[in-house]
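One structure is given below, encoded as structure tokens.
Bear in mind that the values in this text are calculations on the coordinates, not laboratory data. Since the model is a prediction, treat every value here as computed from it, not as a measurement. Counting neighbours? That spans all protein chains shown, and the Cβs are built from the backbone with ideal geometry, glycine included.
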Amino acid sequence: MLTKNAEVHGVFGCNATSAGGALHALRSPGQAGRGIKMVGFDAWPMLVEGLKNGEIDSLVIQNPYRMGYEGVKAIISKLEGKQVPKHVDTGVELATKDRLTEPQIRTLLNLQ
């Protein structure tokens with residue numbers, strides 16, 4: 001896609017595997033240095049590394065703890081015969097290189 005479309009200025013990887021593939025493509029010969037902005041989804045180690053070194057502009061990251069917590073809460077409510085919402089927003093954060101020092105971002109990216 002990148003070699004046939006020189007006018008591309010941005011790429012979005014909508015999950016960890018497609019974001020990893022997009023990062024790999026941007027690192028390939030002929031693509032590095034084109035200035036293509038990339039936004040990825042999830043916190044795979046290679047994506048976090050790409051964010052740290054400026055290859056990725058930002059990562060949309062989920063909160064797995066909150067996802068699990070809300071899921072268990074919903075199961076308990078259902079078992080107790082209570083109404084369970086069809087949709088539960090467990091939140092996301094936008095991680096950028098500038099936000100890598102923030103405790104919340106560091107926790108979600110598993111950075112020590």
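Straight-line cross-link partners of Lys73 among the lysines, defined as a Cα under 30 Å from its Cα and at least 8 positions apart when in the same chain: Lys82, Lys86. Within a straight-line Cα-Cα reach of under 19 Å, Lys78 can be paired with the following aspartates and glutamates, leaving aside sequence neighbours fewer than 8 residues apart in one chain: Glu70, Asp89. By the rule of a C-alpha distance below 18 Å, with chain neighbours fewer than 8 residues away ignored, the lysines paired with Lys97 are Lys37, Lys52.
So for segment 1-110: antiparallel DSSP bridges make up what percent, rounded to the nearest 5?
Numbers: 5 of 11 bridges.
So the antiparallel bridges in segment 1-110 amount to around 45 percent.
Restricted to Cα atoms, the chain shows a radius of gyration and a Dmax of 17.5, 59 angstrom. Rg over Rh for segment 45-101 works out to 1.21, using Cα positions for both radii and the Kirkwood form for Rh. Each other residue within a Cβ distance under 11 Å of Ala95 adds +1 if Lys or Arg and -1 if Asp or Glu, for a net charge of -1.
Beyond 17 Å, how much of the Cα-Cα pair distribution for segment 4-55 remains, as a whole percent? Value for segment 4-55 (Cα pairs over 17 Å): 27 percent. Pick from Glu55, Glu102, Glu93: which residue has the top mean-square fluctuation in a GNM of the chain where Cα pairs under 10 Å get a spring? With Cα springs under 10 Å in the chain, the top fluctuation among Glu55, Glu102, Glu93 is at Glu102.
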